[in-house]
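Read-outs: derived from the displayed coordinates by stated rules, not from any lab. Values in this document were obtained by computation on a predicted structure and should not be read as measured data. Here the Cβ is made from the backbone with ideal geometry for all residues, glycine too, and neighbour counts use every protein chain on show.
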Amino acid sequence: MRSISILAGTTLAALSLAACASNGPPGSDPMSPSAERGQRLAERRCAGCHAVGLDESPAASGPRFSDLHLRYNALSLQKRFAEITEHGSGEMPPIHISRQDAEDLVAYFETLGG
C-alpha cells in the first residue's frame, strides 16, 4: 500500500512538472528560423529608428515594432513593406525589402504578441 502511495505521488509530481514546463511565460517558445532571420534583419536595418524588440528604445524616432504588431496583421504588413520599398513612409525613406525579408519580418512581428 505504501509503495502505491509513493508511486501515485511521484506520478502526480511528474505530471505537474510536465504541465508547468509546457505552459511557460508568453514568448518563451523558441523562434522559428524565419522569425530569427526577421529579428536579425530588424536589428541590422530597422533599429536605428525603431524599437524592434519588446523593450523601449530611447533613440527610436519611428513607431515601436510592438505597437506596429498591434496595428497590422500579417497581410497588411506584407502590403506595408511593399509600399515602403516603393515610396517610403512619412519620414522613412524607401528601402528595399525583398519578399523573403518581408516574410521573415512578419514572422518576427508575430513573436512580439507575447
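Residues in segment 80-111 that are closer than 18 Å to R64 by Cα and free of Cβ contacts under 8 Å to residues at least 12 places away in the same chain: R80, G88, S89, G90, P93. Of everything in segment 69-101, what is closer than 16 Å to A42 by Cα and touching a Gly at 6+ places or on another chain (Cβ under 9 Å)? Give them in sequence order. Result: H69, M92, P94, I95, D101.
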